[in-house]
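Following: one structure in structure tokens, then a few remarks.
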Amino acid sequence: MTTVTIERVSRSFGSVHAVREVSLEIRDGEFFTLLGPSGCGKTTLLRMIAGFCELDAGSISFGARRIDTLPPHRRNTGMVFQNYAIFPNLTVGGNVAYGLHARKVPAARIAERVATALKLVHLDGYDARWPHQLSGGQLQRVAIARSLVIEPEVLLLDEPLSNLDAQLRVEMRGEIRQLQQSLGITAIYVTHDQEEALAISDRIAVMRAGTLEQVDKPDAIYRDSTTPFVAEFLGVTNLLSGTITRREGAHAVIKAGATEFHVEGTVTGLGEAVAFCLRPEALRVIAPGDAIPDGWASLEVLISRVEFLGALTRVETQLADGTMLRVALLDQPLETLSVGHALTLAYDPRRVTGFKAA
Amino acid sequence: MSVTLPRNSFPLVVTGIAFGFLGLFLIYPLYRVFGASFLDASGTYFTLHNYAKVVASAFYRDSVINSLTITVLATLTTTAITAPFAFAVARLPVGGKTALLSLAVLPLVLPSFVSAYALVLLFGHAGVVTHALEWLGIPFGSIYGTPGIVLVYVLTLYPYVLLPTVAGLKALDVSVEEASQNLGASRWRSFWTVTFPIVIPSILSGALLVLIETLENFGVPFVLAEDKPIMAVEVYKLFVGETDTNPASAGVLGVLLVCSTTIAVVIQRRYLGRRRFATGARRSPPLIEAGPGWRSLATLYCWTIVLISLVPFFAVIEISLMEYRGPVLHPHFSLENYAELLRRSTRPLENTLLLSTLAAFGAALLGVPIGYAVTRVRSRLTAILDIVATMPFAVAGTILGIGLIISYNSGWLVLTGGWLILVLAYVVRKLPFTVRASSAILHQIDPSLEEASINLGVSPMMTFARLMIPLMLGGIVGGMVLTWVAVASELSATVVLYSGQWQTLTVVMFQALEGSGAGLAAATASLLIFFTVIPVTLVYRLLRRYEMSLL
């Protein structure tokens, strides 16, 4: 169990800065996720920790021990690969025992530890099976057992679920999380799937073009995104822009097109341009005659498109100047939403996130 | 995807050893041959006189012209005959297709030299068929010279064109042709505007291999050219006959020969580098439904080519089992030729077996790590290594042999006269086989397997030994067997480098050509066929799996 300290780490491939001056402190026993679109540098950063990619500058330490100078086979990390990387020439037991043989663990202990590791991933009794006899999900479990059995200081997971089907993916992410918590191991997880990241992590670092965009807890990343990029990357949102026209108590009022939005706090000076985001699910429908909740702001829209998804209904609406505003409604009767009709929406100004104009 | 392993000395060590080896036994000998062509007879002063002498001599001018003419003729004929063959096998309901393809691989691994020799035994001045025809009073033209040489090249080298073209036709996705016909092109038109252009690179890659092979081939023209000067042969004759300390004239012809093959290789690389029509076939086009007429015609065509190409080998075996009294053949079954062969000495057979085995292991030992470094490590150094390791393709065996002799017959390292110099020459010449075979199989092994092993605590070098070697074993063994077979039938470097007790089977045949020991030579050739067909048959499955990559 270890803290991982990444200090001013950089790496470029030719003229492309894959990772640029990244500093991070990952706590002991933390489940930490690197999230971002493809090409953002998240995998490069993970491979730097594993030792498969050299650093141009900076340092990486486990605890007080600097490890970026060590060859990859002496770093004692357990890596789970996207395509599992199960050795096809070894049995399940052989795969799990591989790292123990390298560590010269006595044979009797190896058998014992392999059995324990396989039990941990619910594959007891699969010792003698060959990889080609297993399903994708089972291979993934073997890969996890193989990297846990060596008792690594840090568990590294490189998009481990991307080759599984949707349902299995949800199941496995729960299991991985549970396993990590019961062992108390520090884990670094790479994914481009925001839902997966939110579901599994203690903290998330959103990466973009080789740099860290925001590092925080899942709900903070989602609700209080610090940049428009993070807001947009973490699920559907409304990204709007306008100018601050006045202040009303603790709110700043932003005029975007013909509509006024209320934001909590000052955001920036009067008359200045701002970008802001408002999550679709933060908007509520106010039925005719109903009161707007205390301290909330409201706006009028026209319904332009309705998409019924079961539990959720997604509605695209238009503001007075034609700007699109997305709304997500839970359990809303469909007959109240007809295209072309007007709708009154309300929101809590605390749910509007303002960004200083970029 | 490439793996970059920090502070991993393994690729560096491999690259270093490879450069050291190839530098000593390929680059330096070539440099010496090159140098020899620019120095005077004593080997001390720079001169262009040697080039002037060769250019002024009608004989050597002819040798260049003859070589190029035969090469172009053989390449065109082979391609023209083989392309329809390939199309028939890939797209028409030809009978006995599996057997056809298995037999079509054989000429590739049986020595073209034996084929030429069989032709002489059958149709030469004292040939069996010639005698029979004379006896019957039927006049018969000569098979010596250009027609015979081209014929042998066509019969022995056509698999070089056949295999990539069939593979290219099979890799074509059916949707491409369907799209063409959907857009209104007739079947005929879509063949010429879509199918054919897409397989042109495959055909050409094979054709250029034929071109290089014919240019550097020594055995076939030696047997069949008679008085016609051919570059690869004249280099040898000049070298053997030259009395000066500096083999200047041989050097000049050698440089011209290496330049010609190098130009061919460069053209091939540049042309194919720009044209890669990978259509990523999901479904190969279906067989064309042809009437019984077309079907029989295609079957007849394909089987005729394959059977004719095998005639020389059956003929050699047949002749070896007949009785010779002096130079005269008697149509009685006899094992006397074999008895005579064994009475003389079993050393040549032992030498062939020993040297081939050593060379196969040597080439694997060096070629597999090179294939690994070239495939898995992207750097300027490995890019250069890739080029250097394919260079032996373009270097004629005679030239390499001459280079090795002038480099290592004196000084700090003396190799001439022993077995080691032969093995070194073989390893260098056949290195591209193992390099290609191992890099082909590496392309099928996911790099993350290695990373997983390293991540679990096994060093890169041990990972290569314990994980990669077992995973690559199929490709490695396939490459080794091909090397073994190719070395067993090697003549061009052997004839320059062998000495006294290190005679091989091919040298015995080569010498028997001059005398009247046709029966003995046929028995020797049969012995060689026996020892090469067995491993080829054993490795046939592997060969089919990697048929593209081993070319």
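Values computed for the structure shown
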| read-out | value |
| --- | --- |
| Single unsatisfied condition, A:R27 versus (1) among the charged types (D, E, K, R); (2) at the interface with another protein chain (Cβ under 8 Å from one of its Cβ atoms); (3) touching a residue at least 12 places away in the same chain (Cβ under 8 Å) | (2) |
| Matching entry among A:S162, A:S147 (being closer than 26 Å to A:D202 by Cβ and part of a helix (DSSP H, G or I)) | A:S147 |
| Any hit, the range A:283-300, residues being in contact with a Pro (Cβ under 8 Å, 6 or more places away or on another chain) and part of a loop (DSSP other than H, G, I, E, B) | yes |
| In the range A:16-51, the residues that are of a type in the set (K, R) and either surrounded by fewer than 22 Cβ atoms within 10 Å (Cβ to Cβ) or outside the structural domain of A:T77 (by TED's automatic domain parsing) (or both) | A:R20, A:R27 |
| When residues of the range B:414-434 are limited to those that are farther than 17 Å from B:L365 by Cα and without any contact (Cβ under 8 Å) to a residue 24 or more places away in the chain, the one surrounded by the fewest Cβ atoms within 10 Å (Cβ to Cβ) | B:V414 |
| Any hit, the range A:8-22, residues being within 14 Å of chain B (Cβ to nearest Cβ), basic (K, R) and assigned to a helix (DSSP H, G or I) | no |
| Candidate set: the range B:334-364, residues that are among the small types (G, A, S) and assigned to a helix (DSSP H, G or I); chosen: the one surrounded by the most Cβ atoms within 10 Å (Cβ to Cβ) | B:A363 |
| Which listed residue is in a helix (DSSP H, G or I) and crowded, with 21+ Cβ neighbours inside 10 Å, from A:A220, A:A231, A:A187, A:A199 | A:A231 |
| Condition check for B:A512: out of contact with any strand residue (DSSP E or B) (no Cβ under 8 Å at 6 or more places or on another chain), more than 30 Å from A:V96 (Cα to Cα) and at pLDDT below 85 | yes |
| Criterion: β-branched (V, I, T) and free of Cβ contacts under 8 Å to residues at least 12 places away in the same chain - qualifying residue of B:V129, B:V94, B:V114, B:V120 | B:V129 |
| Extreme residue, surrounded by the fewest Cβ atoms within 10 Å (Cβ to Cβ), among residues of the range A:307-356 that are more than 28 Å from the chain's Cα centre (by Cα) and assigned to a strand (DSSP E or B) | A:A342 |
| Filtered residues of the range B:481-499 (kept if part of a helix (DSSP H, G or I) and under 22 Å from B:A250 (Cβ atoms)) | B:S492, B:A493, B:T494, B:V495, B:V496, B:L497 |
| Residue list for the range A:58-86, restricted to those being more than 8 Å from chain B (Cβ to nearest Cβ), under 26 Å from the mean Cα position of the chain (by Cα) and of a type in the set (G, A, S) | A:G58, A:S59, A:S61, A:G63 |
| From the options B:A437, B:A452, residue that is part of a helix (DSSP H, G or I), hydrophobic (A, V, I, L, M, F, W, C), facing chain A (nearest Cβ under 7 Å) and buried (at least 22 other Cβ atoms within 10 Å of the Cβ) | B:A452 |
| Matching residues, the range A:87-122, being assigned to a loop (DSSP other than H, G, I, E, B), within 8 Å of another protein chain (Cβ to nearest Cβ) and under 32 Å from the mean Cα position of the chain (by Cα) | A:F87, A:P88 |
| Matching option when the condition is at pLDDT 85 or above and out of contact with any His (no Cβ under 9 Å at 6 or more places or on another chain), among B:L415, B:L341, B:L381, B:L400 | B:L400 |
| A:A205 being part of a strand (DSSP E or B) and either out of contact with any Ser or Thr (no Cβ under 7 Å at 6 or more places or on another chain) or more than 14 Å from every other protein chain (Cβ to nearest Cβ) (or both) | yes |
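This table checks each residue for (1) within 11 Å of chain A (Cβ to nearest Cβ); (2) at pLDDT below 85.
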residue	(1), (2)
B:H443	no, yes
B:V458	yes, no
B:M468	yes, no
B:G479	no, yes
B:L482	no, yes
B:V487	no, no
B:V495	no, no
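The values are calculated or read from the model by the stated rules, or taken from the named source; none is laboratory data. This is a predicted model, so every value here is computed, not measured. Note that each Cβ is placed from the backbone with ideal geometry, even for glycine, and that neighbours are counted across all protein chains shown.
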